[in-house]
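Presented below is the structure to which this report refers.
The values are calculated or read from the model by the stated rules, or taken from the named source; none is laboratory data. Keep in mind that what you see is a predicted model, and the values were worked out from it rather than measured. Don't worry about glycine lacking a Cβ; one is built from the backbone with ideal geometry, like all the others, and counts go over all protein chains shown.
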Amino acid sequence: MDKLYDNWLNLNNSFYRRLVYRVGIEAGFFSEYNNMILSMLYCLTHRYRFLLDRYSNFHTAGWCGFFEPFCDMVIDHRMHRRSSDWRYSIKKTLRSHSLKYLSDIKPYLCIWRKDLLTQDVFGKARDPRMAEKHYFIPELGIDGNLQQACSQLIKLTWRYNKDTKICVDTLIHDLSLPGEYIGMHIRGGDKFIEHKIEAVDKYFDCVRETITTKNLFVLTDDYSVIEEISVRYPEWSVYTLCSKEERGYFHSSFMEESEDFRQNQLIKLFASVDILSNAQQFIGTYSSNPGMYIGMRNPNICTGVDFDHWLLW
């Protein structure tokens, strides 16, 4: 890991043009994280130095509230959006500075020309054509498709800080999960906005014939899923970090909770995806952001119930 980190720093810092990226603008954590990984890959292929803005919507300390830094961090008060519509940004800047004419915005345009911001690469990094390319970045051990390239960038960035690691390790230890298990991500809540909710039976239909264990870890935001599995599949030993009080995740409601509550829930989410990523088989929806993430982190174990193969959303 130290060699990968050192090689990344040397390569990233060798680029003259810069992108200042804000991870944690308005969406859920894995939506923000996945887009950051894709944007990092865009920067590598187009020779932009990747910088992180210190602000995030998931921790008052930004990225370093949960993770170790992996690039230079800056404080950037310019507008960052999960959009590639530069015209909207200019109009919003005019309004925010009480400016009326485009000529009045020239000082701000001069600043923009020095750096790219989140919205300048957001759409480009998610271009479906990215998934058709072969990536060769020998300094980082990248020689493969989009998933394989992103897997290396996840290794680089998914490094907990000391406090987060203690919390995640404690949750996993206290779960007493057996050595062999499969994992499922069964999402409820506002998931229907992205894709239809898949029936629990469909997940079990996807269990590979080579799987002999009956140990199952489930990442879910709705404990009724656990109750349903316990009734319909009593032969399975089910493990989860979902509490009995949880009955579906809705992002807008989640963001209204206290800072401590949201941080504790994210720690549980991190522990859950670590568990899923080490399962003998992962079964989930590629249309969900945790499914997209695990499809990049450990693609060989993944089975989708919504699509036959991982895809770039």
Report task. Output the residue which, of all residues in region 204-242 that are of a type in the set (D, E, K, R) and out of contact with any Ser or Thr (no Cβ under 8 Å at 6 or more places or on another chain), is nearest to His173 (Cα to Cα). Result -> Asp221
**Report entry** Residue count for region 25-50, restricted to those that are free of Cβ contacts under 8 Å to residues at least 60 places away in the same chain and either on the phi < 0 side of the Ramachandran plot or buried (at least 22 other Cβ atoms within 10 Å of the Cβ) (or both)
**Finding:** 5
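Before we move on, is Gly141 closer than 23 Å to Met296 by Cα, at pLDDT 95 or above and either small (Gly, Ala, Ser) or surrounded by 15 or more Cβ atoms within 10 Å (Cβ to Cβ) (or both)? Even if it seems obvious, please write down each step before you answer.
On the way: closer than 23 Å to Met296 by Cα: yes; at pLDDT 95 or above: yes; either small (Gly, Ala, Ser) or surrounded by 15 or more Cβ atoms within 10 Å (Cβ to Cβ) (or both): yes.
Criteria met by Gly141.
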Report summary line: By residue number, the members of region 213-229 that are at pLDDT 95 or above, farther than 16 Å from Val273 by Cα and of a type outside the set (Val, Ile, Thr) are Lys214, Asn215
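Okay, residues lined up against (1) modelled with pLDDT under 90; (2) surrounded by 18 or more Cβ atoms within 10 Å (Cβ to Cβ); (3) not in a helix (DSSP H, G or I):
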site: Arg95; (1), (2), (3): yes, no, no
site: Ser103; (1), (2), (3): yes, no, no
site: Ile111; (1), (2), (3): yes, no, no
site: Leu116; (1), (2), (3): no, yes, yes
site: Asp120; (1), (2), (3): no, yes, no
site: Ala131; (1), (2), (3): no, no, no
site: Phe136; (1), (2), (3): no, no, yes
site: Gln147; (1), (2), (3): no, yes, no
Requested in this report: State whether the residues of region 160-179 include one that is in a helix (DSSP H, G or I), touching a His at 6+ places or on another chain (Cβ under 9 Å) and in contact (Cβ under 8 Å) with a residue 40 or more places away in the chain.
Outcome: no
**Report entry** Qualifying position, being in a strand (DSSP E or B), on the phi < 0 side of the Ramachandran plot, at pLDDT 95 or above and hydrophobic (A, V, I, L, M, F, W, C), among Ile283, Ile267
**Finding:** Ile283
Query raised in the report: Do we find that Arg18 is in contact (Cβ under 8 Å) with a residue 60 or more places away in the chain and buried (at least 19 other Cβ atoms within 10 Å of the Cβ) in this structure?
Result: no
Query - Output for region 180-212, where each listed residue is under 23 Å from Lys268 (Cβ atoms), modelled with pLDDT under 95 and among the small types (Gly, Ala, Ser) - result: Gly188, Gly189
Requested in this report: Report the residue count in region 1-23 for those that are modelled with pLDDT under 95 and part of a strand (DSSP E or B).
Outcome: 0
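Those residues that are part of a helix (DSSP H, G or I) and closer than 15 Å to Leu269 by Cα, I need them from region 24-45; list them, please.
From region 24-45, those part of a helix (DSSP H, G or I) are 29-45; that's our starting set.
Residues satisfying the conditions are Phe29, Phe30, Ser31, Glu32, Tyr33, Asn34.
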Report summary line: Within region 48-65, residues out of contact with any Gly (no Cβ under 8 Å at 6 or more places or on another chain) and among the polar types (S, T, N, Q) come out as Thr60
